[in-house]
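Here is the structure we will look at, set down as structure tokens.
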Amino acid sequence: MTAFEPGQALEPQRYRVTRADLVRYAGASGDFNPIHWSERTAHAVGLPGVIAHGMFTMALAGRAVCAWTGEPSLAEYGVRFTRPVVVPDDDEGTEVEVAGTVRGVTDAGAEIDLTVTCGGEKVLAMARATVRATARA
């Protein structure tokens with residue numbers, strides 16, 4: 001994997017998230033918790049509004065890693081959820097940005113530190129992916 005270098009900043013990936021995306025994700029995952037579709041319920045439990053599923057946000061970061069490597073190459077992947085991604089009830093939705101920095105490279109692959117933000121706020125912490133050496137940038 002000579003394409004990655006330690007300290008290399010990877011091109012940020014941006015993903016638009018709308019309420020329609022949340023409906024599709026709920027159907028695929030089976031997670032129909034009303035905080036992901038009902039403004040009233042979200043407010044009742046103290047949220048600022050309807051929020052994206054945490055695993056959906058995590059999947060977007062994984063999608064960015066695959067975009068950087070050019071293939072599904074995740075060997076290990078972990079995050080900590082820190083802030084919800086609030087999705088307004090309009091056609092624009094919100095944007096999640098995933099930036100990456102190569103932490104290190106070995107013969108086996110590379111470790112990538114991820115910074116995942118929405119509206120300038122970090123929504124995932126301790127986000128790191130390890131990719132297999134067969135990956136390419």
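All of the numbers you see were taken from the coordinates with simple rules; none came from a lab. The structure presented is a predicted model; accordingly, all values stated were derived computationally and were not measured. A quick note on method: Cβ atoms are made from the backbone with ideal geometry, for glycine too, and the neighbour counts reach across all protein chains shown.
Can you give the calculated 222 nm mean residue ellipticity of the chain, where each DSSP H run of n ≥ 4 adds -39,500 (n - 2.57) and the sum is split over every residue, rounded to the nearest 500 deg cm²/dmol?
Details: 3 runs with 33 residues, N = 137.
Result for the chain, helices only: -7500 deg cm²/dmol.
Can you tell me the length gained on complete extension of the stretch ALA3 to TYR77, counting 0.36 nm per residue apart and subtracting the Cα distance? Could the numbers behind the result be given before it?
Numbers: separation 74, 0.36 × 74 = 26.64 nm, distance 2.01 nm.
Result: 24.6 nm gained on full extension.
If you stretched the chain out fully between GLU95 and ASN33, how much longer would it get, using 0.36 nm times the residue separation minus the C-alpha to C-alpha distance? Let's see the in-between values first.
Values: separation 62, 0.36 × 62 = 22.32 nm, distance 2.17 nm.
Result: 20.2 nm gained on full extension.
To make sure I understand, if each residue's beta carbon is the centre and we count other beta carbons within 10 Å, what order do ASP21, ASP90, ASP107 fall in, fewest to most?
Lowest to highest Cβ neighbour count: ASP107, ASP90, ASP21.
Taking the 0 to 90 degree range and rounding to the nearest ten, how far is the long axis of helix 54-69 tilted relative to the main principal axis of the chain, both from C-alpha atoms?
Helix 54-69 sits roughly 30 degrees off the main axis of the chain.
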